[in-house]
1. Evaluate segment A:193-211: report whether one residue or more is closer than 27 Å to B:Gly39 by Cβ, of a type outside the set (Val, Ile, Thr), out of contact with any Lys or Arg (no Cβ under 9 Å at 6 or more places or on another chain) and crowded, with 21+ Cβ neighbours inside 10 Å.
2. Tell me, which residue of segment A:62-82 that is of a type in the set (Gly, Ala, Ser) and facing chain B (nearest Cβ under 7 Å) is farthest from B:Leu70 (Cα to Cα)?
3. For segment A:13-32, does any single residue satisfy the condition of being hydrophobic (A, V, I, L, M, F, W, C) and within 14 Å of chain B (Cβ to nearest Cβ)?
4. Out of A:Val259, A:Val228, report the one residue that is closer than 26 Å to A:Gly212 by Cβ and assigned to a helix (DSSP H, G or I).
5. If you check every pair at least six apart or on different chains, which have Cβ atoms under 6 Å apart with a residue in segment B:104-121 that is over 19 Å from B:Tyr91 (Cα atoms) and among the aliphatic types (A, V, I, L, M) first and a residue that is open to solvent by less than 10 Å² (accessible area, probe 1.4 Å) and in a helix (DSSP H, G or I) second?
6. Residues to consider are A:Val49, A:Val85; find the one that is more than 13 Å from B:Leu68 (Cα to Cα), within 9 Å of chain B (Cβ to nearest Cβ) and aliphatic (A, V, I, L, M).
7. Is it the case that B:Lys263 is under 24 Å from B:Ala150 (Cα atoms), open to solvent by 10 Å² or more (accessible area, probe 1.4 Å), modelled with pLDDT of 95 or more and among the basic types (Lys, Arg)?
8. Considering (1) in the same structural domain as A:Ile251 (by TED's automatic domain parsing); (2) open to solvent by 80 Å² or more (accessible area, probe 1.4 Å); (3) free of Cβ contacts under 8 Å to residues at least 40 places away in the same chain, say which one A:Asn162 fails and leave the rest.
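The values are calculated or read from the model by the stated rules, or taken from the named source; none is laboratory data. Predicted, not measured: the structure shown is a model, and the values here were computed from it. Note that we place each Cβ from the backbone using ideal geometry, even for glycine, and neighbour counts take in every protein chain shown. Accessible surface is based on the protein model in full, side chains and every heavy atom, while ligands, DNA and RNA are left aside. Shrake-Rupley method; radii C 1.70, N 1.55, O 1.52, S 1.80 Å.
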There are 2 protein chains.
Amino acid sequence: MVKHLPLLFSPQNHPLMQALCAKLPAEQGKLLIRRFPDGESYLKIDTDVRQRQCLVLADLSNPDSKFLPLMFLAATLKELGASAVGLVAPYLSYMRQDIRFHEGEAVTSKIFASLISEKFDWLVTVDPHLHRYHSLDEIYSIPRRVVQGAPVLAEWLAGIENVLLVGPDAESEQWVSKIAALGEHPFVVGEKTRHGDRNVSITLPDISAFTGKKAVIIDDVVSSGHTVLECLGALQRAGFTTVDCACVHGIFTDGIDQVLRDKGIRKLVSCNTVVHPSNALDVSALLVTPINVFLEEAD
Amino acid sequence: MVKHLPLLFSPQNHPLMQALCAKLPAEQGKLLIRRFPDGESYLKIDTDVRQRQCLVLADLSNPDSKFLPLMFLAATLKELGASAVGLVAPYLSYMRQDIRFHEGEAVTSKIFASLISEKFDWLVTVDPHLHRYHSLDEIYSIPRRVVQGAPVLAEWLAGIENVLLVGPDAESEQWVSKIAALGEHPFVVGEKTRHGDRNVSITLPDISAFTGKKAVIIDDVVSSGHTVLECLGALQRAGFTTVDCACVHGIFTDGIDQVLRDKGIRKLVSCNTVVHPSNALDVSALLVTPINVFLEEAD
C-alpha cells in the first residue's frame, strides 16, 4: 500500500506554506475559497483527503471574517474522511480578553478556544499572548504545542553590536528577558499605563548608564503600535539616537509601521507569523518539530 | 417577587428592535460591541441577565464577519446566567449550499446550522431559502419556527390593480404561488439557467395573454440582482412596460438596487428583514406570535 503524505491546506495562502511543505513530510492540498455575491463563503477541497492526516495553516490576524471559513474547512475535511485535522496558527488570536475585567464582558479567549477545540484535533502556535493564563492548557482542550520565537529574534540580534533590549511593559518582560539571556544582552523593562485602546503612556527606568548603546524594542505583538511609539519617545528623550524594533507578531494596524519609521525606528522586523513587509525572521524551522510530533503520534 | 420581562439584544441595532420591544413582552438589553485595533471584537452586556430569558435579534446578511461576535454574545449570555437564549434571525444566511454539488465542496448550510444550534436554544426566522431541504428540521437541531413573508407581500400587492406576478425561476415558485393565492392574482414562473454567480439567463413562458397588466417580479432573496435583471429584460421584450419587484429579503449587493431602477424597475420593495432603503414591508407583527410561543413555553 502506498503511504500518502499528510496534506497541508491554507485558507489564505499563508507565506509559510512553501517552507513547511519543504521541511515537513507533507504536501500542499488543493483548496478553493471564494465569496458569493451575497457575502457567504464557498469552499471546495480538490484533493482526496480520505484516511490522510490534514493540517490547516491559518492566518488568524483580523480573525472575525476568517473564522467561519476556517470552521467550514475543518468540518469538511473531517466529513470527507481525513484521519485527523490539526491547526497550525502561527499567530493565535483572541488571547487578550483572558478575564472579565468589567462585569458583563465576554471572555472571548475562552469562547474562541472552545470553538477551535471542537473542530480541530491539535494545535501548534508561536508565542501566544499568555498574560494571566499560565498556559494554553487552561483554555484549549485539544493537545497543543507552543513554539517560542525567541531563538530567531536572538539570532537576528547577534548581527547588531552593543545593544540594550527594551521591553515596553511588564507583559513584554517574559520575551525580552528570554532573548536577552540567549544573547547575553542587557535589558530593561518599562511600565505602561493604559488610558484607552490607542492611548498608552510608557515610563522607563533610569537608563543613563546605557547611553551610546543601540536600543532595540522587543515585544510579542505590535498591533496599534502605540506602545512602541511611546517607548520610542521615552528612549529618544533619554538620549538614544539609534532605536530598532523587533517583534514576534507584527499586525501593524492602519499603516502604523510607516508611522513608526517616520518617528525614528531604524529597523523594524517581525517573524513571518503574520504576513507583513517587515517579515524578516523565519519561524518555519521552529514549527517543524512540534508538527512532526503530532504527525508521528497519529501515525 | 418582581417578574422581569425577557431581554432583547441586537449586535447590529437591527431596525426591528423597537417594533419587537413594543409588540412583545420584552425590553431592550444594553449591549456594547466594538472592535479592538487588532480587529478582534469586544463585547460587554450591560444589563443583568441572570434567570432572564434572552433573545438575540441578528442581521445575518454578509454573515462571515458577524458570526464570531454572535457566538461570543450567545455564550456570554449563558455564562452570565440567562435562563434561555433564543435567536431571532429575520434573514437566515447559509441556506444555499444544501448539497455537495461537486465533490469536495463544503455543505455550509449544515455546518452553519450545527454551530448555531450549539449556542442557541431556539430559532425564529422569516422565509428561509428552503430549496432541496423540505424544512429547517433537516439541519437545525434546536426548536425552530418559520414565519412566512407572503401575507405582507400580498397586502402590499392589494394596493396595485391588474397585476401579473412573475417568479423568475423554479425556486421562487413556492413564494409566488402562495402570494398569488392570497390575492387571487394570476402568476407565471420562468426558467433559469445559471452560467456563473453573476451570470444567469431567464426564459419566460408565453405571457402574451397578460399584455397590459402590471408585472410584479416576486422572489425570496435578491442578492446580486442578476436574476431580477434578466427577468425584467424578458418582460420588457414581451411588451410589459410597468414592472415592479417585491422580495422578502433584499441584500442588493454592490448597489444593484439602483441598477434595477435604472433599467426600468418602477417600484422596488423588500421586507425589513435585512436593513435596506427599499424596506417597505414590516414583518414585526408576524414575528411576535412564534417568539411568544417560545417565551411562554420556557416560562
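1. No, segment A:193-211 contains no residue that is closer than 27 Å to B:Gly39 by Cβ, of a type outside the set (Val, Ile, Thr), out of contact with any Lys or Arg (no Cβ under 9 Å at 6 or more places or on another chain) and crowded, with 21+ Cβ neighbours inside 10 Å.
2. A:Ala75
3. yes
4. Working: A:Val259 fails: closer than 26 Å to A:Gly212 by Cβ.
Result: A:Val228 is the single residue among A:Val259, A:Val228 that is closer than 26 Å to A:Gly212 by Cβ and assigned to a helix (DSSP H, G or I).
5. Matching pairs, first to second residue: B:Ala106/A:Phe72; B:Ala106/A:Thr76.
6. Residue meeting the stated conditions: A:Val49.
7. no
8. (3)
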